[in-house]
1. What translational diffusion coefficient, to the nearest whole µm²/s, does the stretch 30-88 have by Stokes-Einstein, given a Kirkwood radius computed over alpha-carbon pairs, a temperature of 37 °C and 0.692 mPa s viscosity?
2. With a Förster radius of 41 Å, plug the Cβ-Cβ distance of E22 and L56 into 1/(1 + (r/R0)^6) and report the FRET value to the nearest 0.05.
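Derivation of every value follows stated rules applied to the coordinates shown; laboratory data play no part. A quick note: this is a predicted structure, and the numbers were derived from the prediction, not measured. Every residue, glycine among them, receives a Cβ derived from its backbone with ideal geometry; neighbour counts consider all protein chains shown.
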Amino acid sequence: MLDKINEFIAKPLPQQILYFNEMLTPKLIQLAYWLALVAVVWTGLEKIFSGGLAGLLEGIVHIAVGGILVRVVAEVVMLFFQMQGDMETLAKNSAKPAPRKATAKKTSKKVTKK
């Protein structure tokens, strides 16, 4: 993780954002995941402390199910970007077929008997 941060700092910020040499969204997915997870826990805790016994159960279920759903959504988005990267690698590594050489037809001399 520290290597990625150092790599990010090494390039000028306008080059990272304005040019489409690299995808920006995969870098932001982890941040979005943590923010969504904090939101899920926050709302779950609100339900736990504001609704009595029913709120306690609802809050625990909300935190458990919400946390799992946030993780699944983040993994699906990251999967799409991983697939895109794999397709780029596959396209770079696939060899183009060599052009066919023009072959001259072999002509045989007919032998005639006299």
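1. It diffuses with D of about 262 µm²/s by this estimate.
2. With R0 = 41 Å, the Cβ-Cβ based efficiency is 0.35.
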